[in-house]
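All remarks here apply to the structure that follows.
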Amino acid sequence: MDSSKRRRVEQHDDATDRLGDLPDCLLHDILSRLGSRQTVQTSLLSRRWRHLWRDVLRGNVIVNESEFAGEQWERFEDFADHVLPASIPTETPHLDAFGLNLVSQRVTYSCSGRWIRRGLRRCPAAVDIRTAHDVTVSWQPHWSCLDGSRPQPDVSAAGLCAAGFTRRLTKLHLVGVGMSATFLEDLGTYCPVLEDLHIENFRMMDDLVCIASPTLRNLALVQLRDHLASANLRITAPLLVRLRLELAYGGLNRHCVVAGLATGAEPLALVREALIRLTDTSHHLQRSERRRKKGKLEFLTSMRAFLALLPNSVKLHLAGFTTTALLEEESQEFPVLHRLKTLILERCDLGVEFQALPGIFQNTSDLEKLGLHHCTV
C-alpha cells in the first residue's frame, strides 16, 4: 500500500464515531444537559441516534427560547406545545427536570402558564424557570392542576389540591417570575420535600411576610431591582445550611425589616455558610426625597439583629454593610458568632479608624481569616 493511501486509511480510522460507541446510559446523560430542541436535533446524526432523544425527554424537558434566536416566534411556540403536550398517557414517567427559559416580550401569561401547568403535571424533581421580562410568567403551583378551558375533576380526592404536582420537587429556581406570598409562606405545604430554593428578581403580588419550610437546606433570595414591601420578613427553616440574601434598600418603596431575635424569630442554628449583600439605591434620589432615612435605619438595624440568628455559621460574607448594620448602637459590639472561621467584608463601612473591627474581634473568638475588600473608613 502506497503512503498516500495508508494516510487516508489512518485518517478514516481517526474519524471513527467514538461518541456513538458509548452506552445508551451515558448518551442519555449527555443529552439531558442540552435544551430540548438540541436534543431532538441529534436524531439526524445517524440511525443509532434516531430515537435516543425520546428516552431523554421522558425524564428531562428543557424549553429554551434562546435556541430559536433569529427565527419566527411561532416556531418556538409550536415546539413548546409539542414537547409539552396537553394530554399525556397515564404511564408517562415523572420528570427529573423541567426548565423554561423565555427571552422575548411576545410571551404572554397564557402561553407561559400553559407550559408551566403541563410541565408540572409530570411531577418534576427539579424546576428552573427564567424570564427576561417580568410581565410574562406567574408562578402559581396551587393552580397548576387547573385548566379553565375545560371542566375540572375533583382533584382534592386525588391529593392534588396542595402538594400534588410539586410533591416530588426538591430544587426550585425562579428568575423574574411573579408569585404570591402565600406560596412562600406555605412552602412546606406546596413543596413538602423541597431542599433548594433560589428566587431572583421576583415580583410579589402581595406583601412577603414569611418564608417557611421544614425541609429547606439552601435558600437564595436575590432582589436588587425592587424593594420587598414587608414590615417584617421572617425566615423559618430549621434545616437551613446555606443562605444567600441580596436585598436593595433606600428607594421609594417601603422598607423590609428582617425579623431578628428581638422580634421572637427562631435562630437558624444549622446555617454554616451565608452571603448577605445589601445595596443602597438612594444615591439617585433628590435630597428632598431622602425622607425615608428612618426606614433605612430600621432596615440596617434589623440586619444586625438578623446576624444574631446565625450563631453557628462558619463562613460569612457581608457586602454593603454599614457600622449600623454591623454593631449594636450602645455597646458597639458585633453579634456573638464564636464558631465563625472566615469573615469577608466587601464594600462595608467600618467607621473612623476601623472602629468596627474591635467589636467584631471581641465576639468572634475562633476567627481565622478576615478579608477586607473595598471597604471604607
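Restricting to segment 271-327, name every residue that is β-branched (Val, Ile, Thr) and at pLDDT 85 or above.
271, 276, 279, 301, 314, 322, 323, 324
For segment 330-337, the criterion of being outside any loop (DSSP other than H, G, I, E, B), in contact with a helix residue (DSSP H, G or I) (Cβ under 7 Å, 6 or more places away or on another chain), open to solvent by 30 Å² or more (accessible area, probe 1.4 Å) and touching a residue at least 12 places away in the same chain (Cβ under 8 Å) is satisfied by no residue at all.
Scanning segment 338-362 for residues that are buried (at least 18 other Cβ atoms within 10 Å of the Cβ), touching a His at 6+ places or on another chain (Cβ under 9 Å) and assigned to a loop (DSSP other than H, G, I, E, B) turns up just one, 348. Which ones in segment 78-119 are under 23 Å from residue 165 (Cα atoms), part of a helix (DSSP H, G or I) and open to solvent by 40 Å² or more (accessible area, probe 1.4 Å)? Hits for segment 78-119 are 81, 82, 109, 110, 114, 117, 118. Within segment 126-136, the residues that satisfy the criterion of being open to solvent by 20 Å² or more (accessible area, probe 1.4 Å) and among the hydrophobic types (A, V, I, L, M, F, W, C) are 126, 132, 135. Scanning segment 165-213 for residues that are touching a Lys or Arg at 6+ places or on another chain (Cβ under 6 Å), farther than 19 Å from residue 258 by Cα and not in a loop (DSSP other than H, G, I, E, B) returns 175, 178, 196.
The values are calculated or read from the model by the stated rules, or taken from the named source; none is laboratory data. Since the model is a prediction, treat every value here as computed from it, not as a measurement. We place every Cβ from the backbone using ideal geometry, glycine too, and count neighbours over all the protein chains shown. To get the accessible areas, we keep the full protein, side chains included, count just its heavy atoms, and leave off ligands, DNA and RNA. Shrake-Rupley method; radii C 1.70, N 1.55, O 1.52, S 1.80 Å.
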